[in-house]
Amino acid sequence: MLVLARRLNQSIIIGNDIEVVIVDIKGDQVKIGIKAPKNVSVHRAEIHQEIQAENIKAMNIQIKPADLGKLSDILKKKPQ
Amino acid sequence: MTKEIETKPFGKMQIDERQILNFPEGILGFEKYNEFALIEENQESPFKWLQSLNEIDLAFIVIQPDLFAPDYKPALGQEDLDLINLSSLEEALIMTIVTIPNDNPQMMTANLQGPVIINPKTRAAKQCISKNENHPLRKLILENIPMEKV
């Protein structure tokens with residue numbers, strides 16, 4: 001991994017069109033600004049991991065058809 | 001055209017080929033699986049199944065979020081819409097993946113942070129990440145209703 005030291009308001013460029021700016025530093029928290037083209041997706045790494053873990057949980061559901069039917073009935077009665 | 005597939009909830013069944021969705025990027029954590037069928041639980045149920053055509057155990061229960069979160073509108077990036085050739089979110093079919101605790105099914109939740117966005121015309125789909133941080137990973141589906149024994 002490439003490691004670069006940066007100060008407040010300094011930035012790095014990735015490729016031709018992605019800029020990462022150090023916007024604020026307070027204690028152990030750093031605020032980072034990212035300028036990237038609209039077709040580049042930028043997310044916190046832990047969100048990806050959390051969704052993956054939730055997908056695995058969802059895939060491992062063991063529910064009897066009758067119980068799913070009961071949940072469906074309750075949901076249909078739910079006032080909007 | 002119909003096709004016979006193996007499903008986790010119903011065993012072997014015939015589906016219409018128009019029920020098959022193509023996920024170019026798979027689903028998060030299951031990137032290699034690109035083809036899923038969207039199958040109704042039954043005609044009356046709000047639940048559907050998203051069943052992988054390649055791996056029988058890879059199946060998710062999904063639900064349309066407007067049934068329990070009518071104001072929900074995922075904040076997507078242009079890259080999400082581009083991947084499945086959507087010009088706007090209004091054209092999309094939005095489904096959310098359901099997690100049901102084995103010991104307490106009424107506490108089932110839906111993932112509003114990682115919705116499944118489907119282009120109904122091309123049947124291309126993607127699990128996107130909503131950039132709105134108020135969209136929870138686990139939204140209680142049966143919030144605000146009296147508890148009944150399930």
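Remark: C-alpha extents of the protein assembly as shown on the principal axes read 60, 44, 32 Å, sorted largest to smallest. Taking the Cα centre of the stretch B:2-140 as origin and assigning +1 to Lys and Arg Cβ atoms and -1 to Asp and Glu Cβ atoms, the resulting dipole is close to 80 debye.
Here the stretch A:21-51 is scanned for amide nitrogen atoms under 17 Å from the site 7 Å beyond the Cα of B:GLU143 along Cα-to-Cβ, giving none.
Think of each Lys and Arg Cβ as +1 and each Asp and Glu Cβ as -1; about the Cα centre, that makes the dipole of chain A roughly 320 debye.
Relative contact order, whole percent, for the stretch B:2-139 stands at 20, derived from Cα pairs under 8 Å and 6 or more residues apart.
Apply 1/(1 + (r/R0)^6) to the Cβ-Cβ distance of A:SER11 and A:ASN60, taking R0 = 30 Å, and write down the FRET efficiency to the nearest 0.05.
Step by step, r from the Cβ atoms, then E = 0.10.
Given a Förster distance of 30 Å, report the FRET efficiency between B:ASP16 and A:LYS77 from their Cβ-Cβ distance, rounded to the nearest 0.05.
Plugging the Cβ-Cβ distance into 1/(1 + (r/R0)^6) gives 0.45.
Of the residues A:ALA45, A:ILE61, A:VAL21, the one whose Cα sits farthest toward the positive end of the charge dipole of the stretch A:11-77, with +1 on the Cβ of Lys and Arg and -1 on the Cβ of Asp and Glu, is A:ILE61. Seen against the Cα atoms of chain A and their longest principal axis, helix A:65-77 is set at about 80 degrees. Take the Cα of A:LYS31, step 7 Å toward its Cβ, do the same at B:ASP103, and the gap between the two points is 4.2 nm.
Once the cut-off is 25 Å, how many percent of the Cα-Cα pairs in the stretch B:2-140 end up in the long-distance tail?
Counting pairs separated by more than 25 Å, the tail of P(r) holds 23 percent.
A short reminder: the numbers here are calculations on the coordinates, not readings from a lab. The structure displayed is predicted, hence computed values, not measured ones. Glycine also receives a Cβ, built like all others from the backbone with ideal geometry; neighbour counts cover every protein chain displayed.
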